[in-house]
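Reading through the structure tokens given below for one structure.
The values are calculated or read from the model by the stated rules, or taken from the named source; none is laboratory data. This is a predicted model, so every value here is computed, not measured. We place every Cβ from the backbone using ideal geometry, glycine too, and count neighbours over all the protein chains shown.
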Amino acid sequence: MLNAKMEVSGIFEDNTGRTYEVKVTEKGIISPHPEDIQKNLSYYCFLARFDQELNQFQLKRQRWPQFQDIFSSVTGYPVEEDCSAFSLSEEARGKQLIAEYVGGFEVIKPLETIVNRQCSAGEKKIAKCFSTILNKEAQPHIILIDNVTDHVELSRHLSVVSNIERCFPKSQIIVTCHSVPVQRNLPNRERLIDMRLLHTTEIVRKEPWRLRFYDEVLDAMEKANTVMLPNDKSELSSIGEDLLSDILNGTLINPADRVAEFQQKATWAALIQAESSDSKPKIVNLK
């Protein structure tokens, strides 16, 4: 480990013969970009900001089918071009822009049709980020998206991730999120990095599948607790807490049977309570 005054540096050569100086300090790795990279850094590495207003939208026409596909797949609504988006005094210039770019779009919803300026925060995020990426000449090799599912309907979280991969098949995509559907149902789970592993027990770090059983038990407890009365929760909660503890400390070698049994117990308890008259909603007169 480096102390506050230590610094290590070295010269590295890539496969083209160019050399780079890399310094490692207490603040991390410090390496100035090569001059030819520095001049074009905005092209090689760019940032797609989440534009809350989205007053302006402009997409290369050749990319429009891709944008339609990913926007519709993620939101569930088809989109069509808003042909009135460009309002230019010079007719020739207007024709050129319309031939090369899409200047706006309409979102066809069941009860209304809105234009891009009226989109929700999640829809604006999708439109802004993907139009920025699609407008680039070259597809990025690496795409980083923070909080990818923010402002997106829960049922479409998995669609967001899968459609990003489909839209950019040649890119390495790294996203962060706090999504339960992604956490529990992402295909090829070896791609998932669960940050809880940084602060858990040694046995769970060696056997990360335990976190999945932990989540299943916790989910069953939460669902049952939403309909059960306080006096009826104690026994179920006690069993659940013991099971969670056994999963995390490694007491259970194969917890599948006990987890399945608890899920069944919690489901039946919740159903019985939901059917009882005591759990039915009551109308309260606030006057």
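Of the numbered criteria (1) in contact with a helix residue (DSSP H, G or I) (Cβ under 9 Å, 6 or more places away or on another chain); (2) not in a helix (DSSP H, G or I), the one ASN163 fails is (2).
Let me confirm something: among PRO65, PRO110, which residue is over 20 Å from VAL152 (Cβ atoms), at pLDDT 90 or above and in the same structural domain as ILE143 (by TED's automatic domain parsing)?
On the way: PRO110 fails: over 20 Å from VAL152 (Cβ atoms).
Among PRO65, PRO110, only PRO65 is over 20 Å from VAL152 (Cβ atoms), at pLDDT 90 or above and in the same structural domain as ILE143 (by TED's automatic domain parsing).
Residues that are in a helix (DSSP H, G or I), β-branched (Val, Ile, Thr) and surrounded by fewer than 14 Cβ atoms within 10 Å (Cβ to Cβ) within the range 166-186 comprise just one, VAL180.
Within the range 188-213, can you find the residues that are in contact (Cβ under 8 Å) with a residue 24 or more places away in the chain and not basic (Lys, Arg)?
Matches in the range 188-213: THR200, THR201, ILE203, VAL204, GLU207, PHE213.
On the basis of being at pLDDT 85 or above and surrounded by 13 or more Cβ atoms within 10 Å (Cβ to Cβ), does PHE50 make the cut? Considered against the rule, which asks whether it is at pLDDT 85 or above and surrounded by 13 or more Cβ atoms within 10 Å (Cβ to Cβ), PHE50 comes out as no. Within the range 248-267, residues that are closer than 20 Å to LEU197 by Cα and assigned to a helix (DSSP H, G or I) reach partners that are of a type in the set (Lys, Arg) and modelled with pLDDT of 85 or more with beta carbons closer than 7 Å, at six or more positions or on different chains, in the pairs LEU248/ARG210.
Do the conditions hold for GLU137, that is, is it at pLDDT below 90, touching a Lys or Arg at 6+ places or on another chain (Cβ under 8 Å), farther than 18 Å from SER162 by Cβ and acidic (Asp, Glu)?
Spelling it out, it is not the case that GLU137 is at pLDDT below 90, touching a Lys or Arg at 6+ places or on another chain (Cβ under 8 Å), farther than 18 Å from SER162 by Cβ and acidic (Asp, Glu).
When the residues of the range 68-91 are filtered to those that are farther than 16 Å from PRO110 by Cα and loosely packed, with under 14 Cβ neighbours inside 10 Å, the one that is modelled with the lowest pLDDT is SER89.
Is it the case that SER120 is of a type in the set (Gly, Ala, Ser), out of contact with any Lys or Arg (no Cβ under 7 Å at 6 or more places or on another chain), modelled with pLDDT of 80 or more and within 28 Å of ARG184 (Cβ to Cβ)? If you could, list the steps in order and put the result at the bottom.
On the way: of a type in the set (Gly, Ala, Ser): yes; out of contact with any Lys or Arg (no Cβ under 7 Å at 6 or more places or on another chain): yes; modelled with pLDDT of 80 or more: yes; within 28 Å of ARG184 (Cβ to Cβ): yes.
So SER120 fits the description; yes.
Checking each residue in the range 108-152 for being at negative phi, touching a His at 6+ places or on another chain (Cβ under 8 Å) and either without any contact (Cβ under 8 Å) to a residue 12 or more places away in the chain or among the polar types (S, T, N, Q) (or both) picks out SER120, THR149.
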